[in-house]
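The values are calculated or read from the model by the stated rules, or taken from the named source; none is laboratory data. Quantities reported herein were computed from a predicted structural model and do not represent experimental measurements. Note that we place each Cβ from the backbone using ideal geometry, even for glycine, and neighbour counts take in every protein chain shown.
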Amino acid sequence: INSDLNPYSFLITTIHEFAHLVTFEEYKQRVKPHGKEWQLTYSNMIYPLIESGELPSDISSALLNSLINVKASSCTDQELYRVLLSYDKQEKDVQLLEHLEKNSVFHLNGKNFTKGNLQRTRYVCIDNSNRKRYLISALARVKKIE
């Protein structure tokens with residue numbers, strides 16, 4: 001289960017899922033999956049972990065900030081996701097899309113794209129095979145094509 005996650009991402013994901021279980025046990029299906037009840041449950045479960053001092057300080061800080069406006073996924077919170085990515089094993093020739101120059105060509109999910117302009121947290125990229133436009137996360141891991 002989630003064997004591709006680093007230990008910190010795995011822990012946060014596990015707590016996220018247990019928060020769903022606890023919320024369901026209390027409210028059944030009367031609440032939204034990531035509604036205020038789940039957010040409160042998740043916050044109450046994650047806060048003791050932050051306070052324990054067992055996490056690296058950058059993760060603790062990003063997690064604490066994420067509790068101000070709890071997102072449905074750690075990947076949705078750009079600051080938290082960026083910190084968690086720094087603990088992933090580095091893959092050869094793979095980098096974050098945000099680190100490529102504009103108009104760079106890159107490979108992602110079996111397709112080649114050209115990087116365009118940033119729109120909030122995603123880049124408008126052109127699929128080189130069919131010229132369709134896609135919004136791709138700035139934090140997507142891509143392989144630059146020289």
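Cβ-Cβ distances below 6 Å connect the following pairs, each with a first residue in segment 17-44 that is assigned to a helix (DSSP H, G or I), a second residue that is of a type in the set (D, E, K, R), and a separation of six or more residues or different chains: THR23/GLU37; TYR27/GLU37. In segment 96-115, the count of residues that are of a type in the set (Gly, Ala, Ser), without any contact (Cβ under 8 Å) to a residue 40 or more places away in the chain and within 25 Å of LYS132 (Cα to Cα) is one or more. Count of segment 85-119 residues, restricted to those that are part of a helix (DSSP H, G or I) and modelled with pLDDT of 95 or more, is 3. None of ASP77, ASP58 is in contact (Cβ under 8 Å) with a residue 24 or more places away in the chain, acidic (Asp, Glu) and under 30 Å from ALA19 (Cα atoms) except ASP58. When segment 110-134 is filtered for residues that are under 19 Å from the mean Cα position of the chain (by Cα) and of a type in the set (Ser, Thr, Tyr), the ones remaining, listed by number, are THR121, TYR123, TYR134. The one condition from (1) modelled with pLDDT of 95 or more; (2) assigned to a helix (DSSP H, G or I) that ARG82 does not meet is (1).
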